[in-house]
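I am attaching a structure below and will ask some questions about it afterwards.
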Ligand code: LLP
């Protein structure tokens, strides 16, 4: 099953919004990330529709795909943004986004980042520790500013996802233990340079069940009541991101199911009903909209294992190597080489055994074929590296019949442009 906006055309070629992947590869080379504008807009639309006229803000998690072309598109749709570094804030600004609708998450904000965020007029700092709260208070005081803050609480809810992307358990480094949040809120409330505006939580990523979201919302509401009893009035609840997508055979909840799970808790509560709900989705908005297009360089059939060596590698797409993620890989266009049906290990040119995009894929392949790794729009390019001195891939946004190159392939010499030969003398 292909994601929305992906289809099959003549000769079974893979098409995105009616543009053939072969044409994209011809024009921009491979490996290339291709994204569908319509798919991103429809994912955003599904969330907006699920909220209806209920007050909300969709803060796109920039880390999922931080290309300014994508950020600009989301800004136009009315998204806010969730960032984790000042670099991401500068990207949002470069894309025309407004810092006032940006929330700044992350456990390690530096003094410089806090200063720059306050100076830019950041919407909210999501504070992840007591030490960070103290630092923000000191910097805001020194700048004669009031810092808008939420505490990111750790609700100790099991998101039942990959351990590396589970964040809401008390074992994880994220957030402030929910039992300790109350006293910290009281301190923040009493500080003249801090303005408490919300509660934040994010329990993990790629969740395929909505019940942990509801459980986290319940704990957050309980805390909101305790705060109200102490005269601390919130202006929003930020319930994080994390909605999963389909990579192979997952059955993730629909956008409406996610929002309903949250609203069934928050809207059922007289205190919650009037509070705007903010969410921080990344993967759901851009994941299914993107594919990594790669060409088969060589086939190496064998009696034990058969390898298809493609021109994309773990530096382009780390998810399979890093998390063992299973991502669908489908034929996109046929090359001219002799074709053979086999069970292939789809591997890249990097000198590591961990350099694979997929294991045991039953495909008919020939040299020069194009393949597409699906649902690669999130945490694909944004996690890419230059390992093995490989320039990062081009990125193309397909919009109706048009293709826009939103990032050109890195020129080779740019990879060492910042390096210098030291004066070695003798
Ligand atoms: N908010 C916060 C505070 C986060 O840390 C994250 C993701 C999100 C929102 C967005 O979560 P999403 O809606 O995209 O699930 N590289 C991993 C995923 C890491 C997620 C990190 N935090 C992967 O490729 O699966």
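When you scan the stretch 167-219, how many residues do you find that are more than 14 Å from the ligand (Cβ to nearest atom), modelled with pLDDT of 95 or more and in a helix (DSSP H, G or I)?
Final tally of qualifying residues: 16.
OK, next. For the stretch 370-378, state whether one or more residues are under 22 Å from the mean Cα position of the chain (by Cα), surrounded by 12 or more Cβ atoms within 10 Å (Cβ to Cβ) and not in a loop (DSSP other than H, G, I, E, B).
Yes, that holds for at least one residue.
Residues in the stretch 220-258 that are buried (at least 16 other Cβ atoms within 10 Å of the Cβ) and either outside the structural domain of residue 278 (by TED's automatic domain parsing) or not in a loop (DSSP other than H, G, I, E, B) (or both): how many?
Within the stretch 220-258, residues that are buried (at least 16 other Cβ atoms within 10 Å of the Cβ) and either outside the structural domain of residue 278 (by TED's automatic domain parsing) or not in a loop (DSSP other than H, G, I, E, B) (or both) number 11.
Let me ask something else about it. Any residue at all in the stretch 47-66 that's assigned by TED's automatic domain parsing to the domain that holds residue 173, more than 25 Å from residue 235 (Cβ to Cβ), more than 13 Å from the ligand (Cβ to nearest atom) and surrounded by fewer than 20 Cβ atoms within 10 Å (Cβ to Cβ)?
No - not one qualifying residue is present in the stretch 47-66.
Evaluate the following for residue 322: is it assigned by TED's automatic domain parsing to the domain that holds residue 10 and in contact with a strand residue (DSSP E or B) (Cβ under 6 Å, 6 or more places away or on another chain)?
No: the conditions fail for residue 322.
Identify the single condition in (1) over 21 Å from residue 188 (Cβ atoms); (2) within 15 Å of the ligand (Cβ to nearest atom) that residue 112 does not satisfy, given that it satisfies every other one.
Going through (1) over 21 Å from residue 188 (Cβ atoms); (2) within 15 Å of the ligand (Cβ to nearest atom) one by one, residue 112 breaks only (2).
Of everything in the stretch 266-324 that's part of a strand (DSSP E or B) and within 30 Å of residue 222 (Cβ to Cβ), which residue is nearest to the ligand (Cβ to nearest atom)?
So, considering only residues that are part of a strand (DSSP E or B) and within 30 Å of residue 222 (Cβ to Cβ), the one nearest to the ligand (Cβ to nearest atom) is 279.
To keep it simple, each residue is scored yes or no on (1) more than 25 Å from the chain's Cα centre (by Cα); (2) in contact (Cβ under 8 Å) with a residue 24 or more places away in the chain.
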site	(1), (2)
159	no, yes
172	no, no
177	no, yes
186	yes, yes
196	yes, yes
204	no, yes
209	no, yes
212	no, yes
220	no, yes
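Something else about it: From the list 43, 22, which residue is closer than 27 Å to residue 318 by Cα and touching a helix residue (DSSP H, G or I) at 6+ places or on another chain (Cβ under 8 Å)?
Among 43, 22, only 43 is closer than 27 Å to residue 318 by Cα and touching a helix residue (DSSP H, G or I) at 6+ places or on another chain (Cβ under 8 Å).
Given the residues 276, 288, 281, 270, which is the only one that is crowded, with 21+ Cβ neighbours inside 10 Å and farther than 19 Å from residue 325 by Cα?
Testing whether each residue is crowded, with 21+ Cβ neighbours inside 10 Å and farther than 19 Å from residue 325 by Cα leaves just 281.
Return a yes/no flag: does the stretch 12-34 have any residue that is over 24 Å from residue 394 (Cβ atoms) and outside the structural domain of residue 203 (by TED's automatic domain parsing).
yes
The values are calculated or read from the model by the stated rules, or taken from the named source; none is laboratory data. Quick caveat, the model's predicted, so the values are computed rather than measured. Neighbour counts run over all protein chains shown; Cβ positions are idealised from the backbone, glycine included.
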